[in-house]
1. Which of the three applies to the chain, rounded, prolate or oblate, going by the alpha-carbon gyration tensor with a ≥ b ≥ c and a/c under 1.5 meaning rounded?
2. For region 1-158, what mean projected area does the convex hull of the alpha carbons give, in nm²?
3. Can you give me the angle between helix 348-358 and the longest principal axis of the chain, using Cα atoms only, in degrees from 0 to 90, rounded to the nearest 10?
4. Suppose the chain between residue 82 and residue 257 were pulled fully straight at 0.36 nm per residue; how much longer would it get relative to their current alpha carbon spacing?
5. Would region 242-308 count as rounded, prolate or oblate if I go by the C-alpha gyration tensor, calling it rounded below 1.5 in a/c and otherwise prolate when a/b exceeds b/c, oblate otherwise?
6. Report the extension gain between residue 26 and residue 321 in nm, rounded to one decimal, defined as 0.36 nm multiplied by the number of residues separating them, less their alpha carbon distance.
7. As a check on your grasp of the helix formula, calculate [θ] at 222 nm for the chain: sum -39500 (n - 2.57) over DSSP H runs of n ≥ 4, divide by the residue count, round to the nearest 500.
8. Over what distance in Å are the Cα centres of region 115-142 and region 268-322 separated?
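Bear in mind that the values in this text are calculations on the coordinates, not laboratory data. Bear in mind that the values here come from a model prediction, so they are computed numbers and not experimental data. Positions of Cβ are generated from backbone atoms using ideal geometry, with glycine treated the same way; all protein chains shown enter the neighbour counts.
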Ligand SMILES: Cc1cc2nc3c(=O)[nH]c(=O)nc-3n(C[C@H](O)[C@H](O)[C@H](O)COP(=O)(O)OP(=O)(O)OC[C@H]3O[C@@H](n4cnc5c(N)ncnc54)[C@H](O)[C@@H]3O)c2cc1C
């Protein structure tokens, strides 16, 4: 069996779904495949930034995401039990001047529901095993419940995550290195004094850090760069039921080339980095929506790739710097870093640069901030 389509997306994670939605919105033929028989249920990325909401506005997904999520005004930096600084997202003069807390499983579900309304359904149980970059008609080999198949397309998008089969088929390097930390996370009900409208970063310059993000009323994600975070939660948060726990390690890696011919990579298939700053999922959605807009406008995909590579490299660097700063130890960690952080966040323009980066606008110059700081 051999089939033809216009754009074929491999992988129905957030990056692939957002790409499919944007293409479908323009009336471009799109198919989206995923090897998993069912949608994944893990909460994974829990913060959607304003830039992502802006990009998903036109296809009708943002209103749904906002209705389902928790609006976060910003993030507190807590050192030694005291709030030392606040990132204030409400200073963004943008219609989305907040971060949105929402479990990734919910984000994916709502993107898939919106996509179905555009007439596109995720084809599940289809695993791409190989890619043929063949002039104007690249194709994939895939295992399906009905047997092996070949699917050709005008464009193929590899949105198949960090272990991307598409990237491996193209023989593209994914250079980088693992971080030394062992991370742990928990999604847990908190009934105490954990703020529902602010995330919180608890810096301990001697031990592991802890980051809390509200993701539904009464429910929070807490992540730490040390093991067993559930056992270390502050008593004042009054922890209740734990819904999901996971231990994981993180690497920073990025492809040197975004693709070959008419086969291109987006999302984790192209870049992975520290969770500091919460950019991972958002960056993949940006990749995909930008790609779709280029296809629609018949603009240069090479130009798109160059811009995305530039931005991804910057995010990998920025998240690395944030992580190094937050986990610094010794004299710098105990004495210099806290003082530096306090004074940095007191200075209006520097605070605004950091918030703009986390909000996804670091590559956008004409975005203004209002209010005093
Ligand atoms: C435990 C955990 C916690 C995380 N926490 C955060 C966080 O707090 N903030 C943040 O920003 N990010 C976080 N991340 C990272 C975030 O989940 C990823 O950045 C995001 O999922 C990337 O989206 P994606 O669409 O590029 O890839 P993925 O979500 O990995 O989706 C890839 C899809 O491709 C499918 N696929 C794979 N191979 C094939 C194949 N050969 N054929 C067909 N389909 C295939 C998979 O089934 C999957 O559905 C976390 C990740 C994990 C695992």
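1. Details: a/c = 1.79, a/b = 1.71, b/c = 1.05.
Prolate shape, in that a/c is at least 1.5 and a/b is the bigger ratio.
2. Details: hull surface 47.1 nm².
Spelled out: convex hull of the Cα atoms, projected over all directions, averaged, 11.8 nm².
3. So the inclination is approximately 40 degrees.
4. Details: separation 175, 0.36 × 175 = 63.00 nm, distance 4.51 nm.
Stretched out fully, the residue 82 to residue 257 stretch lengthens by 58.5 nm.
5. Working: a/c = 2.94, a/b = 2.06, b/c = 1.43.
In terms of gyration-tensor shape, prolate.
6. Values: separation 295, 0.36 × 295 = 106.20 nm, distance 3.83 nm.
Answer, rounded to one decimal: 102.4 nm.
7. Details: 9 runs with 110 residues, N = 373.
Theoretical 222 nm ellipticity from helices: -9000 deg cm²/dmol.
8. Cα centroid of region 115-142 versus Cα centroid of region 268-322: 21 Å apart.
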